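**Q** Right, I'll just put the structure down here and ask away after.
The values are calculated or read from the model by the stated rules, or taken from the named source; none is laboratory data. No experiment lies behind these values; they were computed from the predicted model shown. Cβ sites come from the backbone with ideal geometry, for glycine too, and all protein chains shown count toward neighbours. Protein only, heavy atoms only, side chains kept; ligands, DNA and RNA dropped before computing areas. Shrake-Rupley method; radii C 1.70, N 1.55, O 1.52, S 1.80 Å.
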Protein chains: 2
Amino acid sequence: MKKIEVKKGQILQRKGDLSSRKYSVEKGLLRSYTIDEKGKEHLFMFAPEGWIIADASSVNGPTDLFIEALENSIILVLDEGVQFTESDTIRLIKRIAVLQKRAIMLMSASAIERYDDFLKTYPDIVQRVPQKMIASYLGITPEALSKVKSAKTKGL
Amino acid sequence: MKKIEVKKGQILQRKGDLSSRKYSVEKGLLRSYTIDEKGKEHLFMFAPEGWIIADASSVNGPTDLFIEALENSIILVLDEGVQFTESDTIRLIKRIAVLQKRAIMLMSASAIERYDDFLKTYPDIVQRVPQKMIASYLGITPEALSKVKSAKTKGL
DNA sequence: GGCCTTTCTTAACCTAGATTAATGCACAAG
DNA sequence: CTTGTGCATTAATCTAGGTTAAGAAAGGCC
């Protein structure tokens, strides 16, 4: 468990890596994402200050996700495989709850609803990341996100 | 931790319940699903023999999911809040990995790809549940699923 | 400053899947 | 046996979001 400083654009984990760590963000911003067979990027989560980011898929073999710094950041690197505490377990269950909600969201909600949910989940991220990453998080194209935003401002 | 027998159609947990249990399926088939504000059902997961089904959202308050028996089933009811073992934790992480994959799937894959993934995930469920539930699991309408299937058989 | 690359927006079109509606089935209830 | 009632399929139409393309704005970098 050590503290490290990473620069914007630096990649902490690549898809296919055989081991994986957890990263606790003290300052800055990370993201995790994957790239599918068609070469398309899909942003899985943002991790601003106070968040922990990891790739659970590593329990079953090689990792699925890239983890990258979107800003110069200071992060705590936590070793995998360490004994789990009770509070870790609760955090895991909460993470499952969040993912459960996200999956249901992706199944049922429109792009506008998902954008509103994004704004609620990450209130201060909108200004800090490129639109195309938000679009990727929402599972839509940047063009569609532009539409959504202009529809929202017109609707006021 | 007790063993119970439930009949087809019986509901073990309702959305909004304040506490929640884990159910380990010995025989039969359960499903979990939610109903959105528009009254639409979204099937979250199936749990055939050997699977465990639960609703993680209960850690943050009332439950989001219904849990229902799709067949007459024999299930083990596990109490929530019991001390977690190391293997529980690993199971949780695997669950996160599955959900992570599901979310990425929903973000990126077409209906056909999701159907193929469903067939791989639940090889022996297709014959046991109504088509409309499979459609709901895939996040599409029963009509669209019919199209997908006829497209697949034509394509042979 | 100017230049190049990347990002964002707008607009015209296209397609996967939703909606609506009609038909045919299965099976449960009388 | 007949009469529902819910389920699956097909077809016609509609729409949210994808694709393509082109111009405008915003950074790095020399």
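**Q** Restricting to the range A:122-145, give me the number of residues that are in contact (Cβ under 8 Å) with a residue 60 or more places away in the chain and more than 9 Å from DNA strand C (Cβ to nearest atom).
**A** Residues in the range A:122-145 being in contact (Cβ under 8 Å) with a residue 60 or more places away in the chain and more than 9 Å from DNA strand C (Cβ to nearest atom): 7 in total.
**Q** Something else: One residue is enough: does the range A:59-73 have a residue meeting the conditions within 27 Å of A:G9 (Cβ to Cβ) and in a helix (DSSP H, G or I)?
**A** The answer is no, given that none of the residues of the range A:59-73 is within 27 Å of A:G9 (Cβ to Cβ) and in a helix (DSSP H, G or I).
**Q** Report, by residue number, each residue of the range B:1-50 that is outside any strand (DSSP E or B) and at the interface with chain A (Cβ under 10 Å from one of its Cβ atoms).
**A** The answer is B:D36, B:E37, B:K38, B:K40.
**Q** Six or more apart or on different chains, Cβ under 6 Å: which pairs go from a residue in the range B:51-62 that's more than 10 Å from chain A (Cβ to nearest Cβ) to one that's part of a loop (DSSP other than H, G, I, E, B)? Could you list them?
**A** Pairs that qualify, where the first residue is more than 10 Å from chain A (Cβ to nearest Cβ) and the partner is part of a loop (DSSP other than H, G, I, E, B), are B:P62/B:G16; B:P62/B:L18.
**Q** Would you check if A:L119 is within 16 Å of DNA strand C (Cβ to nearest atom) and either assigned to a helix (DSSP H, G or I) or more than 16 Å from A:F46 (Cβ to Cβ) (or both)?
**A** yes
**Q** In addition: Scan (1) within 12 Å of DNA strand D (Cβ to nearest atom); (2) within 12 Å of chain B (Cβ to nearest Cβ) for the single condition A:Y115 breaks and write down its number.
**A** (2)
**Q** To continue, here is another question. What number goes with the only condition from (1) more than 11 Å from DNA strand D (Cβ to nearest atom); (2) open to solvent by 40 Å² or more (accessible area, probe 1.4 Å); (3) under 20 Å from B:D64 (Cβ atoms) that A:I104 does not pass?
**A** Failing condition for A:I104: (2).
**Q** Would you pick out the residues in the range A:45-92 that are open to solvent by 20 Å² or more (accessible area, probe 1.4 Å), more than 22 Å from A:D17 (Cβ to Cβ) and modelled with pLDDT under 90?
**A** A:Q83, A:T85, A:E86, A:S87, A:I90, A:R91
**Q** A further question follows. Report the residue count in the range B:21-33 for those that are hydroxyl-bearing (S, T, Y), within 11 Å of B:I67 (Cα to Cα) and open to solvent by 10 Å² or more (accessible area, probe 1.4 Å).
**A** The total comes to 2.
**Q** If you scan the range B:128-138, which residues turn out to be more than 9 Å from DNA strand D (Cβ to nearest atom) and open to solvent by 30 Å² or more (accessible area, probe 1.4 Å)?
**A** Matches in the range B:128-138: B:R128 only.
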